[in-house]
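Student: Pasting a structure below so you can have a look.
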Amino acid sequence: MLLVRAIIRPEKKDEVLAELSRAGFHAATVVDVVGRGKQKGIKISGIIYDEIPKALLMMAIRDEDKEDMVRLILKYAKTSEQGAYGDGKIFISSIEEAYTISSGIPSL
């Protein structure tokens with residue numbers, strides 16, 4: 001099992017979730033967050049904005065679904081063909097165990 005965390009632009013959230021669902025990835029936790037990447041925020045008219053709104057998508061998936069999930073997020077989270085600073089980041093980590101709270105049964 002893997003945990004995919006994608007931090008993307010909030011305006012791309014609905015499109016990314018729709019495409020993931022269309023591909024069979026229906027389960028996701030979505031959180032509105034703020035943060036900044038390596039570019040340390042943005043400067044507009046002399047004002048530095050270092051708390052940029054983002055959307056955090058979290059999905060638990062099977063190991064064999066990793067390539068498809070990453071491909072879809074990369075494709076639909078970009079703001080242009082070549083991408084741009086601030087389009088986001090995908091993090092993937094292993095899940096040792098997961099339990100359904102209502103039943104207590106280990107499951108994905």
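Values quoted throughout were computed directly from the atomic coordinates according to the rules given, and no laboratory measurement underlies them. Note that the coordinates shown come from a computational prediction; the quantities given were computed from them, not determined experimentally. Positions of Cβ are generated from backbone atoms using ideal geometry, with glycine treated the same way; all protein chains shown enter the neighbour counts.
Student: How far is helix 66-77 tilted, in degrees, relative to the longest principal axis of the Cα atoms in the chain, given as a value from 0 to 90 rounded to the nearest 10?
Tutor: In the chain, helix 66-77 runs at an angle near 30 degrees to the longest axis.
Student: Sticking with this structure for a sec: Can you give me the angle between helix 13-22 and the longest principal axis of the chain, using Cα atoms only, in degrees from 0 to 90, rounded to the nearest 10?
Tutor: Approximately 30 degrees, to the nearest 10.
Student: A further question on this structure: Cβ neighbours within 10 Å, averaged per peptide: list 27-38, 65-76 in order, most packed at the top.
Tutor: 65-76, 27-38
Student: Which order do peptides 85-93, 100-108 fall in by mean Cβ count within 10 Å, highest first?
Tutor: 85-93, 100-108
Student: Would you mind working out the magnitude of the charge dipole of the chain relative to its Cα centre, with +1 at each Lys and Arg C-beta and -1 at each Asp and Glu C-beta, to the nearest 20 Debye?
Tutor: Here the size comes out at about 480 debye.
Student: ASP63 versus LYS40, label points 7 Å from Cα toward the beta carbon: distance in nm?
Tutor: 4.1
Student: If you bin the C-alpha pair distances of segment 52-108 every 5 Å from 0, what whole percents do you get?
Tutor: Once binned at 5 Å, the Cα pair distances of segment 52-108 give 4, 13, 23, 19, 15, 12, 7, 4, 2, 0.
Student: In Å and from the alpha-carbon atoms only, list the Rg and Dmax of segment 2-94.
Tutor: Rg and Dmax of segment 2-94, Cα atoms, are 13.8, 47 Å.
Student: May I ask which residue of LEU57, GLY83, GLY46 lies farthest towards the positive end of the charge dipole of segment 1-105, with charges of +1 (Lys, Arg) and -1 (Asp, Glu) on Cβ and the Cα centre as origin?
Tutor: Of the listed residues, the answer is GLY46.
Student: While we're on this one: Can you compute 3J(HN,Hα) from phi for each residue in segment 79-87, using the Karplus curve 6.51 cos²θ - 1.76 cosθ + 1.60 with θ = phi - 60°, rounded to whole Hz and x for Gly and Pro?
Tutor: Here the 3J(HN,Hα) series is 8, 8, 4, 8, x, 8, 3, x, 5 Hz.
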